[in-house]
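Some notes on the structure that comes next.
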Amino acid sequence: MLKPIAHELARHIPFTASGAVTGIIIMAIIVLGNVPPKISYAAFYTLHPIHVLLSALVTTAMYKKYGNGKIWAAILIGYFGSIGIATISDAIIPYLGGALLGIKIEFHMPFIEKWWLINPVALIGITIGYWKPTTKIPHFGHVLLSTWASLFYFTAFGTAYWIPQLHFVFLFLFLAVWLPCCLSDIVFPLLFARKRLPPHHI
């Protein structure tokens, strides 16, 4: 399994990097346009739930297609694969990135603070992924939305003049999306699957 996983990680580098570039462009617009943090806050809590939805959909669909299809296992895998890894991607890595850059940034756990929103959205994604398994379009959307959610975490909860930090922000956006999203969509569900991962499955 390690060889196909490594292949998928390598294959995801170009469009993950492209997504990070769009994030940098959006951040530059936010800074130069002096957009208030409340706009970034609203954007984060719009994009993060959508990210969780798509992540739950793809993670559950991957398990349904390549696992044994047990519904209780699909629910657990879809939930922890989306809530857990989306939190790492959208909140924990941006927070750690800001802290490492010496930026004043708040720590937030969306699935706790907005439990009434995030958890039902994950269950909706699990339901769709189980009854209508699909991975192609949702995975691409997952990567792009994760990039933007991570970006808006920076600007919603961090205080800094971001322009000199853009190259570091690019690095953290890339890392926040590339490994966690591939873990969520590919590695995590397949740890519990019995079938081998086919080439170019996404």
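The values are calculated or read from the model by the stated rules, or taken from the named source; none is laboratory data. Since the structure is predicted, the reported quantities are computational estimates derived from the model, not experimental observations. When we count neighbours, we look across all protein chains shown, and the Cβ atoms used for this are built from the backbone with ideal geometry, even at glycine.
Which one of SER82, SER89 is in contact with a Gly (Cβ under 7 Å, 6 or more places away or on another chain), part of a helix (DSSP H, G or I), under 13 Å from SER146 (Cβ atoms) and among the small types (Gly, Ala, Ser)?
None of the others qualify; the one that does is SER82.
Yes or no: LEU173 aliphatic (A, V, I, L, M), at pLDDT below 95, over 16 Å from GLY84 (Cα atoms) and buried (at least 24 other Cβ atoms within 10 Å of the Cβ)? Before the answer, list the steps.
Details: aliphatic (A, V, I, L, M): yes; at pLDDT below 95: yes; over 16 Å from GLY84 (Cα atoms): yes; buried (at least 24 other Cβ atoms within 10 Å of the Cβ): yes.
Taking the combined requirement at face value, the residue satisfies it.
Do we have GLY98 as part of a helix (DSSP H, G or I) and at pLDDT 90 or above here? Walk me through how you get there before you give the answer.
Working: part of a helix (DSSP H, G or I): yes; at pLDDT 90 or above: yes.
Judged against the criteria, GLY98 is a match.
From the list TRP115, TRP148, TRP72, which residue is over 29 Å from MET27 (Cα atoms) and either touching a residue at least 12 places away in the same chain (Cβ under 8 Å) or surrounded by fewer than 18 Cβ atoms within 10 Å (Cβ to Cβ) (or both)?
Values: TRP115 fails: over 29 Å from MET27 (Cα atoms); TRP148 fails: over 29 Å from MET27 (Cα atoms).
Of the residues listed, the single one that is over 29 Å from MET27 (Cα atoms) and either touching a residue at least 12 places away in the same chain (Cβ under 8 Å) or surrounded by fewer than 18 Cβ atoms within 10 Å (Cβ to Cβ) (or both) is TRP72.
Considering each of ALA91, ALA160 in turn, give the residue that is at pLDDT 95 or above and out of contact with any Ser or Thr (no Cβ under 7 Å at 6 or more places or on another chain).
Values: ALA160 fails: at pLDDT 95 or above.
Of ALA91, ALA160, the one residue that is at pLDDT 95 or above and out of contact with any Ser or Thr (no Cβ under 7 Å at 6 or more places or on another chain) is ALA91.
Every residue in region 22-48 that is small (Gly, Ala, Ser) and either closer than 21 Å to PHE170 by Cβ or in contact with an Asp or Glu (Cβ under 7 Å, 6 or more places away or on another chain) (or both), please. Can you show your working first?
Here is the first cut: in region 22-48, the residues small (Gly, Ala, Ser) are 23, 28, 33, 40, 42-43.
Within region 22-48, GLY23, ALA28, GLY33, SER40, ALA43 qualify.
Does region 84-102 hold any residues that are more than 17 Å from PHE152 (Cβ to Cβ) and surrounded by 20 or more Cβ atoms within 10 Å (Cβ to Cβ), and which are they?
Answer for region 84-102, where residues must be more than 17 Å from PHE152 (Cβ to Cβ) and surrounded by 20 or more Cβ atoms within 10 Å (Cβ to Cβ): just ILE85.
Name the residues in region 44-65 that are closer than 12 Å to ASP90 by Cα and of a type in the set (A, V, I, L, M, F, W, C), would you?
Hits for region 44-65 are PHE44, LEU47, ILE50, VAL52.
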